[in-house]
Amino acid sequence: MKTLHRKTSLVPGGAPLFQRMFTRLGCEGRPPRFRVEFYSYSSLVLTIRRREDAVYVRFSDLLRRAPLAVWRARPLCCWRVCIAASLPGNSPNLI
């Protein structure tokens with residue numbers, strides 16, 4: 001049985017942005033390692049998962065060509081990252 005692998009690509013400047021927002025929002029502890037990427041979802045989806053010391057953020061690839069005003073709203077998403085990063089890291093979390 002074949003496994004379906006969807007194409008992903010990194011969001012330019014995504015990881016540093018999320019690390020800065022994690023710090024600015026006053027989240028406790030050391031900022032986790034962030035991997036921020038576009039993922040081929042069929043709708044406008046955002047997923048955030050924490051695995052050990054890393055947070056994986058996936059934006060729908062439909063946002064790749066979004067206007068600048070949409071990307072200015074990314075810090076709101078960081079609040080969710082802050083919450084996800086503060087949860088116990090023993091198991092993967094989806095927020």
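The values are calculated or read from the model by the stated rules, or taken from the named source; none is laboratory data. Quantities reported herein were computed from a predicted structural model and do not represent experimental measurements. Ideal geometry is used to build each Cβ from the backbone, glycine not excepted, and the neighbour counts take in all protein chains shown.
At pLDDT 70 or above, more than 14 Å from Val11 (Cβ to Cβ) and within 14 Å of the chain's Cα centre (by Cα): does that describe Arg80?
It is false that Arg80 is at pLDDT 70 or above, more than 14 Å from Val11 (Cβ to Cβ) and within 14 Å of the chain's Cα centre (by Cα).
Restricting attention to segment 23-38, report how many residues are touching a strand residue (DSSP E or B) at 6+ places or on another chain (Cβ under 8 Å) and either within 18 Å of Asp53 (Cα to Cα) or surrounded by fewer than 11 Cβ atoms within 10 Å (Cβ to Cβ) (or both). Break it down stepwise before answering.
Restricting attention to segment 23-38, the residues satisfying the condition of being touching a strand residue (DSSP E or B) at 6+ places or on another chain (Cβ under 8 Å) are 32-38.
In the following step, the residues that additionally are either within 18 Å of Asp53 (Cα to Cα) or surrounded by fewer than 11 Cβ atoms within 10 Å (Cβ to Cβ) (or both) were identified as 32-37.
Final tally of qualifying residues: 6.
Looking at Pro16, is it out of contact with any Gly (no Cβ under 8 Å at 6 or more places or on another chain), assigned to a helix (DSSP H, G or I), modelled with pLDDT of 70 or more and surrounded by fewer than 16 Cβ atoms within 10 Å (Cβ to Cβ)? Outline the logic, then answer.
Working: out of contact with any Gly (no Cβ under 8 Å at 6 or more places or on another chain): yes; assigned to a helix (DSSP H, G or I): yes; modelled with pLDDT of 70 or more: yes; surrounded by fewer than 16 Cβ atoms within 10 Å (Cβ to Cβ): yes.
Considered against the rule, which asks whether it is out of contact with any Gly (no Cβ under 8 Å at 6 or more places or on another chain), assigned to a helix (DSSP H, G or I), modelled with pLDDT of 70 or more and surrounded by fewer than 16 Cβ atoms within 10 Å (Cβ to Cβ), Pro16 comes out as yes.
For a quick check of your reading of the model, give me the residue pairs whose first member lies in segment 18-42 and is closer than 27 Å to Lys7 by Cα, whose second is of a type in the set (Gly, Ala, Ser), with beta-carbon atoms closer than 6 Å and at least 6 apart or on different chains.
Pairs that qualify, where the first residue is closer than 27 Å to Lys7 by Cα and the partner is of a type in the set (Gly, Ala, Ser), are Pro32/Ala54; Pro32/Ala85; Arg33/Ala54; Phe34/Ala15; Val36/Gly14; Val36/Ala15; Phe38/Ser9; Tyr41/Ser60.
When both residues are 6+ apart or on different chains and their Cβ atoms are under 6 Å apart, which pairs have a first residue that lies in segment 43-70 and is more than 25 Å from Pro31 (Cα to Cα), and a second that is part of a helix (DSSP H, G or I) and at pLDDT 85 or above?
Listed by first residue and then by second, the contacts come to Leu44/Leu62.
Check segment 50-63 and report whether any residue there is surrounded by 13 or more Cβ atoms within 10 Å (Cβ to Cβ), modelled with pLDDT of 85 or more, within 14 Å of the chain's Cα centre (by Cα) and among the small types (Gly, Ala, Ser).
Checking segment 50-63: at least one residue is surrounded by 13 or more Cβ atoms within 10 Å (Cβ to Cβ), modelled with pLDDT of 85 or more, within 14 Å of the chain's Cα centre (by Cα) and among the small types (Gly, Ala, Ser).
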